[in-house]
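Take a look at the structure below.
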């Protein structure tokens, strides 16, 4: 499964049992390096399951929040963040009825948790997702999305959400995420983790090629790598010191300034008001989501640059100053936004957990008991014979991807 | 609102009242050219609202399906398509529990209708969406998604869905779509429409630059343009004859072969089974979704290449040979997959309409009466004062996008 002829290309972290020959040394090094060894308390209560947090600590939502805040001091629980943001936006005149949301997250399907919350307020987003959150849709792409905005009261209104992501599991392991019906741990963000490995191995200068150049087989990763490297070089960061948390924060800064450049080129403030919310999405899921009685899965958001721009005037907002809703209100809103009327998060704090059945269904499409083998049918004598057909490609030699003509 | 220094760049169609100075001549020409003038029947029943279809015809779901099939003979209603596909996939051993879905649609938020159906079966997709459906995530991106697959019974399983999109509204106008709380018509697919205009104006050769080159301010559009141009040149298509339907079908072929190249490079068939479903997503929405008593909004899918690959052996499928579910079954499944338990589609045929309230909420985030002005709050003496803050960019001169260092 070679990646092809492109120089400097990599495989993102494919952890888990199927890829014992993991080539992405960077990702593993990162995890080993950055995992805090028992970051909060000595393990006095019970046997530690994995690194860091004890079983009891993993069931304590406030302890979990402390671990996250150690890495991201401005972190809020997802439902807490999104409800305060909705209050602040409504106060400045942005609602689902009169605004279109643009969401810029990573392509990783785990990011659906934040996307669902945004869409429960604003309806379907114009999505600019890319690997690691890199923006490749360009000025024309942003303009296309903006041109779909509601027009209520004479002005278009846009709300931009931009969040690269990171996983820090219930045991406190940085970069690790458990996937529905998949044994072992997986990585997030794989793209940023891959960049980190390359930067440490090859340095930054080697990544800074000319503008407008990409690897035809890996457009997004090569563009992400170049943009991050330029930024880190400008910031004079020491690659020896950089860890996954650090590169994720650097990605947030880089992508935010890219987004603001696109906005500058695409938005006419005489015709439109807009708002920008950036930060980092943090998956704090159970270290093994496939275990029935494991610790709860949580989501956090590290709050970044937050402002509204009304009639061309920018106002920076501190959402931590918006009061939290009551736990009961948060629970009702969380339930409505997860499209799961029958399942209510059970927490009595502003940190709401994702019910395991909801996570397994929404992320994994799992509706029954997990890890129960479903036999692959033999396409033999049944109805399957009737749906078989032939297919002739009309242009079998047409050029593929960015190849030259055959 | 210039697009910047990039040569040959364009603005996607910004129709509607705010952009009377529409620069995208291509898009409008296309629509004028390809809209069938009353394609089915003479307008005998009532006064025609716009081009083509009478009011009564627009309320007749079977008539609507006929108009779509005139342009796309293999079109099926969305719920009909997705339910047959789920049956076929289950018959070959692919379910939400044991498979990950990759969805490759356009970034347009209207595409949520198909995305929701896929996710109701498979859970959150690894999304590779790009403008016009162009694939830019690359080999590494695809591999990252695949590495999140469930492993049930020893093998990974992937289901790829790849669909560029087009709008054909209830009046039969090709390329036109009405957006929640936005007066006038908008375009879909704007990116393909823009490419068509450029190809007609500049020809194909001018678009075929070297592999691995993109416009830094418009990575995706420039990559899409180049790939489509190469394909159309290889197919020896006459640009004079090409219309929006034709370029959309060409995009389906191009993107399908790009996808298959990525699969070839990323999938190890000794460790994974997979399935591929391609085609075109067709928005057949009410010509004015903001009118309370307008015709119903429908979605169709033109079925393209469909196959499963099990243990390395490929079997092409003809989903039109899978029996349709009964209208009552379709209605129940459609309701469940739209996350709208209280709203049931009302059709008694296999063509199910999207209840207007569901479309307005899911696509537009609209929960009350539409087009009711929501005043923008003056950030004056209220609580808003408390959430204002200052923000200093730590690296104001950091390079943006693919710019060289400042």
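In nanometers and ordered shortest first, the copy-to-copy spacing of the residue B:312 label point, defined 7 Å from Cα toward Cβ, is 6.7.
Once you sort the root eigenvalues of the Cα gyration tensor of segment B:128-208 as a ≥ b ≥ c, which label holds: rounded (a/c under 1.5), prolate (a/b larger than b/c) or oblate (the other case)? List each step's numbers first, then the result.
Working: a/c = 3.36, a/b = 1.64, b/c = 2.05.
Here segment B:128-208 falls in the oblate category.
The modelled label-to-label distance for the pair residue B:390/residue B:357, using points 7 Å beyond Cα in the direction of Cβ, is 5.0 nm. For residue B:397 and residue A:321, a Förster radius of 30 Å and the Cβ-Cβ distance give a FRET efficiency of 0.50, rounded to the nearest 0.05.
Across the copies of the chain, residue B:395 has label points (7 Å from Cα along Cα→Cβ) spaced 4.2 nm apart, shortest distance listed first. When residue B:349 is represented by a point 7 angstrom out along its Cα-to-C-beta vector, the spacings to that point in the other copies are 5.6 nm, nearest first.
How crowded by other chains is A:203-214, given as the mean number of beta carbons from other chains within 10 Å of each beta carbon? It would help to have the intermediate numbers written out before the result.
Details: counts 0, 0, 0, 0, 0, 3, 1, 4, 9, 11, 6, 10.
That average works out to 4.
Taken together, the values in this text are just the output of simple stated rules run on the coordinates, not laboratory data. Just so we're clear, the structure is a prediction, and the values are computed from it rather than from any experiment. A quick note on method: Cβ atoms are made from the backbone with ideal geometry, for glycine too, and the neighbour counts reach across all protein chains shown.
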